[in-house]
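The values are calculated or read from the model by the stated rules, or taken from the named source; none is laboratory data. Small disclaimer: the values here were computed from a predicted structure and weren't measured. Using ideal geometry, Cβ is built from the backbone for each residue, glycine included, and neighbour counts are taken over all protein chains shown.
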Amino acid sequence: MRVPVSSANSGKPATLQTTTASDDTAGLTLLRSTILIPGRGYPIPNGVVIIREGKIEWVGSMLDVPSKYRKLPTAAYATCLMPGLWDCHVHYFGLDVAASLASGIQSFLPGHAALVGAITVEDLRATLMAGYTSVRELGGFGTDVLPAIEKGVIVGPNIYGAVAPISITGGHGDDHACPLDIITNAQAHGSAALAVCDGVEDCLKTVRRMVRRGAKVIKVCSSGGVLSLNDDPECQQFSDEELSAIVQEAARSKRAVAAHAIGKPGIVAALRAGVTSIEHGIYLDEEVADLMVEKGTYFVGTQHIIRTLMSDYLDTLPEPSKQKLLHVHDQATQSYKIAIKKGVKIAMGTDMVSSARNSKLSHGNNGRELAHAVDLGMTTLKAIESATANGPETLGPMAPLSGQLKAGYDADIIGVSHNPLDNIAVLGDSNNITHVWKGGQLFKKPSLAHKLEGLPMDS
C-alpha cells in the first residue's frame, strides 16, 4: 500500500511503502510510541497501534501485543500517539481577517468562488498539518472543496460542513450593509455562505437546501452576534416555532443542529428546540448549565477567537462590534468555567477563520484552544478528550467512528514530539506535530526516521 506523505520539515510530497511480515499480516502498519493517549480513557505507556485498510485493528501496550503481530516492522515511532484532533467550529472563507473584520459580516461574501477555492487550499493543508484530521465547518466553502480532498487533488481534513448558517433577516448571518436582493441572489446561487429565512415554511425549505448542497450538520443563529453590526447578541433570533421546525427538519435527514447562541434567551430557546450543540454560549449560567447536562447538549466555547479579537484586533473592529466584544469578553470566561464545574459536555472549537498566515486566527493555530480550556480549569486529559473523542459526537447520527484510538475506528492518528499531558501548549504549535495519518494514509512525517523504524518489535 502506498500513501502520500509530507516531510514535517520540507513539506514536499513523498511516498512510503508499507512492508508486511506474512499473509496473515498483509497490509498491516504498526506504530509505536513512548506514551499513547486513546482519546477517551487512561494513557498507555509503550503504546502500539496497528492499522489495516484505513481502520485501527489493535491498540494497547507493547507488552500485550498478540504474537501474530510481533514480527511486524515498526513503520513509525513517535513520543506520543493520539487520535487526530477535531475542531468543531471553523470557517473556510478565504479571507484576510484583518482586512475583513472592519466590514463585519461582509466577510461572508469574500469574492469569486474560484479565488476563494484557491486561497482555501493552503488553509486546508495547514489544518491537517496541525494535527486536525477532522473539522465541523459551521459556515464557509469547505463543503464545496471537499470533493477535491476526497479525490486526492488537494490535502485537507475530513470536513463535516453546515454550508451556511441559517439566520433571520437582519440577524447574525445577514449582511446588514448589503441590499437584501443581493443577499437573496447570492444564497440562491450558492456563492455566499449565507442562508437568510423567515417563517416556518421558509425555514423548512432552507434546511432542505443546505442538505441538498451537502451539509452534514445544520447551523442556526438563535441569537445575535458580535461581528454582525446591528443586532443584539443578548436577544433571541427565530421564534420557538421556527427553531423547532429547523431542528425537526434536520432530524428527518439525520442531521444534528449547532446553534450560534450568545445571550441566555437564545441559548434556552435553542435548548428547548433540541439542538445538539451550543456555540459560544457566552451568557451560559448555572441554570443553563444544568439544563444542558439534563439534555446532554454539547458546549463549544470558542475561547481562542474571543481572546484573540481582544488582544490583536479590538481597534480594527467596527465600533458596534468593538463595544459588543468589550461587553461580553469577561462573561465568556465565566461561562466556560461554569460549564467545566457543572460537568457540561464540551467539544473544542476555535471559530478559526483567517487565511492570513501571520494571524493567530489563521487555520493551523487550532491547537491553541486546548491551552485556553486548561487555563480555565479543565484537566489536560479532559481537554484532549474534548478535542478528540467528543468531536464526532457533535454530529449526532452522522458521527463517524473517529476521535479515539480504538479497534474498528478510523485510523486518524497523530504523533506529537512531546507528551501533551505534561504541557498542553505543545498541541498549539504545528511544528510539534511529527506525524499525521488520515484514514490510515500518512500525510506528515519527520525528516529523520527514528532508530526503531523498520525493525520488528522483538529485535
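Tabulated values for the structure
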read-out	value
Condition met for SER447 (part of a loop (DSSP other than H, G, I, E, B), hydroxyl-bearing (Ser, Thr, Tyr), more than 15 Å from the chain's Cα centre (by Cα) and outside the structural domain of SER311 (by the TED database))	yes
Filter result for the condition that a residue is part of a helix (DSSP H, G or I), in contact with a strand residue (DSSP E or B) (Cβ under 9 Å, 6 or more places away or on another chain) and surrounded by fewer than 24 Cβ atoms within 10 Å (Cβ to Cβ), over VAL293, VAL288	VAL293
Residue list for region 89-129, filter: part of a helix (DSSP H, G or I), in contact with a Gly (Cβ under 6 Å, 6 or more places away or on another chain) and at pLDDT below 95	VAL116, ILE119, THR120
Test set (1) in a loop (DSSP other than H, G, I, E, B); (2) touching a His at 6+ places or on another chain (Cβ under 6 Å) - GLY377 fails condition number	(2)
Hits in region 215-234 - residues which are modelled with pLDDT of 95 or more and either under 10 Å from ILE168 (Cβ atoms) or in a loop (DSSP other than H, G, I, E, B) (or both)	ALA215, LYS216, VAL220, CYS221, SER222
Residue that is hydrophobic (A, V, I, L, M, F, W, C), surrounded by 22 or more Cβ atoms within 10 Å (Cβ to Cβ) and assigned by the TED database to the domain that holds VAL344, where the choices are ALA371, ALA411, ALA383	ALA383
Selected residue [at pLDDT 90 or above and within 20 Å of ASN432 (Cβ to Cβ)] from GLY39, GLY11, GLY54, GLY27	GLY39
Matching entry among GLY428, GLY391, GLY440 (being assigned by the TED database to the domain that holds ALA251, out of contact with any Leu (no Cβ under 6 Å at 6 or more places or on another chain) and crowded, with 16+ Cβ neighbours inside 10 Å)	GLY391
Failed item, numbered, when THR276 is tested on (1) without any contact (Cβ under 8 Å) to a residue 60 or more places away in the chain; (2) within 19 Å of ARG136 (Cβ to Cβ)	(1)
Filter result for LYS322 (more than 28 Å from HIS363 (Cα to Cα) and in contact with a helix residue (DSSP H, G or I) (Cβ under 8 Å, 6 or more places away or on another chain))	no
Options LEU95, LEU63: the member that is surrounded by fewer than 16 Cβ atoms within 10 Å (Cβ to Cβ) and among the hydrophobic types (A, V, I, L, M, F, W, C)	LEU63
Members of region 36-57 found to be surrounded by fewer than 18 Cβ atoms within 10 Å (Cβ to Cβ), at negative phi and in contact with a helix residue (DSSP H, G or I) (Cβ under 7 Å, 6 or more places away or on another chain), listed by number	ARG40
Test: residue in region 145-160 that is under 17 Å from ILE246 (Cβ atoms) and either modelled with pLDDT of 95 or more or assigned to a loop (DSSP other than H, G, I, E, B) (or both)	no
Residue selected from region 443-459 under the condition under 15 Å from THR74 (Cα atoms) and touching a Leu at 6+ places or on another chain (Cβ under 8 Å), by the criterion surrounded by the most Cβ atoms within 10 Å (Cβ to Cβ)	LYS445
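Listed here are the residues, each with its yes/no results for (1) touching a residue at least 60 places away in the same chain (Cβ under 8 Å); (2) crowded, with 22+ Cβ neighbours inside 10 Å; (3) not in a strand (DSSP E or B).
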position	(1), (2), (3)
LEU271	no, no, yes
PHE299	no, yes, no
ASP315	no, no, yes
LEU326	no, no, yes
HIS329	no, no, yes
MET348	yes, yes, yes
ASN358	no, no, yes
